[in-house]
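Asker: Have a look at this one before I ask anything.
The values are calculated or read from the model by the stated rules, or taken from the named source; none is laboratory data. Quantities reported herein were computed from a predicted structural model and do not represent experimental measurements. Here Cβ is always computed from backbone atoms with ideal geometry, including for glycine, and neighbour counts include all displayed protein chains. Only protein heavy atoms, including side chains, enter the accessible area calculation; ligands, DNA and RNA are left aside. Shrake-Rupley method; radii C 1.70, N 1.55, O 1.52, S 1.80 Å.
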Amino acid sequence: MYKCKKTVSLALALLMCISILPVQGLANNNSTYEGDGFEVEYEIHEDGIDGRYRIEVELKNTGTEVLRNWALGFILPDADEVVARNGNSKVVYGPDDDGYVVFMNPGNKHQMDIAQNGGTMDFALTVTGDPGPPEAFVLREPELVDVTDDVTVTHNKPNLVVTNNDVQPDLSDWYIRLAYDDGINVNDIQQGSFVSQSQEDDSLLFRSLNENTTINVGGSKSMNIGHGIPDGQLDTAAVVVYKAVWGPWDNTPPSPTPEPTPSDPPTPSETPSPTPSPGEGDDDDDPYDPANPIPAHTVVIWEDDLYAWGSNSNGQLGIGTTGGIKTTPVPVPTPANFGDDGWEEVAIGRSHTLAVTSDGKLYAWGRNTEGQLGLGHTNPVTSPAQVVGVTGVDDDEWESVSAGNFHSIGITTDGKIYTWGSNTSGQLGRLVDANNPANKPAQVGSSANWDSVSAGASHTVAVNSDGGLYTWGSNTSNQLGRVPVPSTSPADRPGSVSGGDWVQVSAGGSHTAAVTGEGTLHAWGSNTYGQIGDNSTTSRAAPVTVGKLDDWESVTAGNAHTVALKSDGTLWAWGANDYRQLGYYRANKNSEKRPRNVVTSKLEKGEAKDSDDDNDKSEGDDEEPDDDEWLIVSAGSNHTVAYKNSGSVWTWVCFV
């Protein structure tokens, strides 16, 4: 399910949780605060009325991206009450309680965006009591939570009327996403509430900026968006309604994790091993269960050496012991008689590890209850052991490997596929008998033209040199993508998936994702958490296209989340987010139903760019990748690991 090719260098930064921006207070009544990507200038004046003071604020965008859906919060520690303000501001808590005054896109509705590299926005408020200098500036963007199922939307041109049903007690600060087709002139759309335009999925996002926007249960509000769509041509069923969730405004990070910083190559560590996570099940086809995470481990290659961390419950770290958890990378000792070989590729399963050397030798270690190590027995192994004596394969003819929950797959240098381990769901794709035991690699079919393979939890997918895609194994969630559905259950022999020119595929827990030679991305199978990425939670029996662009480079499927790279080096994630495995902070850990860009330059702060932002790099850019571009990504069961062009490795997950 999860594998990584050889990397050149590595520096580790661990994002256990992602924080907002804590800042220091200011010391005088006329001053400037310089934040990360923004600058605030303020002045405090007596208002001419006894006991009143006017605070004038200018927010400057010093970053390289347009500020659109933003809000600025700060504390007035000594003020008594906010009595007047301009712009669309609100008081989250009273100033006398050290609460935040929050300005959300203040000023004229047509001027919400703040241009990059020096754009500004001015606003002001009047307070009673000597306010003293503002403190703890925080610049935030909200999480947009889909509440479409909780409301009813009707069209009464030019208004869209949103009625709150009986789910959201106080729907406030709400948004509408409106799709359009090629027959609509976007430039003619009135932008009184216009927030952002996405050329990627042909949609517009509108925000209700009226301060009095709260809709109580059973109540209705209308939004005049002036969309110019003729009567009868707007599909209200396709309209999406969001509620903005801003999260806490205090400047304390949501977890005690320190801000990550890229470091030097991993240093051996003997960190005491805490108590492991909940135990591992034995079911090949365990469904994704956020309440019972799978103990995960990670293995990477750095300068020909292996480093591992995470759970070692079955010796899967390869360090000669079992039990405990390593919280920092530890070196995996090289086997005896290893020689000058370096590690070329590594793959990890539920609790076992496979690796191939630069000389084509295959090693395995960890859990072996189902023979998934391919050593001819079912005893656990705590250090790398070479897989030898495979019928039809010389010991140095292994090209690549992939590991599922309890089964393993390898491709030889002559293009043959061999499988071993658990076959409870037909995931080995071959006959298992006394002459072809499950605990030794044996060939699948007779073809010798396989290019790549991926092992899911209990299904297997592979691409051949002709661009054909074949799948076999468990099909409980239609993760095989074969239409018609295979007549046998499980489907224990390879069968083709419609389409052609497939170049790369990844099998997840119960879903599958693949990229074509034209750069289009497709997915199918379970979609409970939106892991397919088609903006729904409807499972798909056959491949569906993800987005409308054709610039996808590669994809990796985790247990219930998906991560992909585009040709411009940007990183995108969607699906389950119970452990922050998507790489951007969400206060309620909601899943994401379509690709959302994890912004390279802002990952350290946990910020992300929504898939609707239209400031991606232009297509067809043939320049060399810069140091901030992503080159490799791998989705684990509940975590994600990615490698930058700068030579650093990043991981993110959260257990709180």
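Asker: If each residue of separation counts as 0.36 nm, what is the full-extension length gain between residue 358 and residue 304 once their alpha-carbon separation is subtracted?
Answerer: Full-extension gain reported as 18.6 nm.
Asker: Defining a contact as two alpha carbons under 8 Å apart and six or more residues distant in sequence, what relative contact order in percent does region 448-562 show?
Answerer: Once normalised by length, the contact order is 24 percent.
Asker: Then there is this: Please list the non-local residues whose amide H lies under 5 Å from the amide H of residue 452, H modeled 1.01 Å from N, same-chain partners needing a gap of 5 or more.
Answerer: For residue 452, the qualifying residues are 463.
Asker: OK, next. Enumerate the amide H contacts of residue 553 below 5 Å, restricted to partners 5 or more residues apart or on another chain; note that Pro and chain-start residues carry no placed amide H.
Answerer: Under 5 Å from the amide H of residue 553 lie the amide H atoms of 565, 566, 567, each far enough along the sequence or on another chain.
Asker: Something else: What residues have an amide H closer than 5 Å to that of residue 493, excluding those fewer than 5 places away on the same chain, when H is modeled at 1.01 Å from N in the peptide plane?
Answerer: Sorted by chain and number, the residues that satisfy this are 473.
Asker: Which FRET efficiency value, to the nearest 0.05, is calculated for residue 328 and residue 52 with the Förster distance at 41 angstrom and r the Cβ-Cβ distance?
Answerer: E(calc), rounded to 0.05, equals 0.15.
Asker: Another question, then. Quick check: pseudo-label points 7 Å beyond the Cα along Cα→Cβ at residue 340 and residue 498, how many nm apart are they?
Answerer: So the label points at residue 340 and residue 498 sit 5.4 nm apart.
Asker: Once phi is turned into θ = phi - 60°, what whole-Hz ³J(HN,Hα) does the Karplus curve with 6.51, -1.76 and 1.60 give for every residue of region 427-444, x standing for Gly and Pro?
Answerer: The phi angles translate into 6, 7, x, 8, 6, 10, 8, 4, 7, 9, x, 5, 8, 10, x, 9, 6, 9 Hz.
Asker: Heavy-atom accessible area of residue 651 with all protein chains present, probe 1.4 Å, nearest 10 Å²?
Answerer: Solvent-accessible area, nearest 10 Å²: 10 Å².
Asker: Label points 7 Å out from Cα along the Cβ direction at residue 159 and residue 369: separation in nm?
Answerer: For the pair residue 159/residue 369, the computed spacing is 6.2 nm.
Asker: Just to check I understand the Karplus step: with θ = phi - 60° and J = 6.51 cos²θ - 1.76 cosθ + 1.60, what whole-Hz values come out for region 398-404, glycine and proline as x?
Answerer: Along region 398-404, the couplings run 8, 9, 7, 9, 8, 10, x Hz.
Asker: What FRET efficiency comes out for the pair residue 395/residue 545, r = Cβ-Cβ distance, R0 = 45 Å, nearest 0.05?
Answerer: Given R0 = 45 Å and the Cβ-Cβ separation, E is 0.60.
Asker: Hey, for a label at residue 465 modelled as a point 7 Å past Cα toward Cβ, could you say which residues of region 395-432 have their backbone N under 12 Å away?
Answerer: Only 413-416 pass the distance filter.
Asker: Next question. Starting at the first residue of region 520-525, write each ³J(HN,Hα) from the Karplus equation 6.51 cos²θ - 1.76 cosθ + 1.60 with θ = phi - 60°, in whole Hz, x for Gly and Pro.
Answerer: 8, 10, 9, 8, 6, x
Asker: Oh, and also: If contacts are Cα pairs under 8 angstrom and at least 6 residues apart, what is the relative contact order of region 363-484 in percent?
Answerer: Relative contact order of region 363-484: 21 percent.
Asker: Taking all protein chains in place and a 1.4 Å probe, what share, in percent, of the accessible surface of region 434-572 do carbon and sulfur account for?
Answerer: 45
Asker: How much length would be gained if the chain were fully extended between residue 436 and residue 150, taking 0.36 nm per residue of separation minus their Cα-Cα distance, in nm to one decimal?
Answerer: My answer for the length gained is 97.4 nm.
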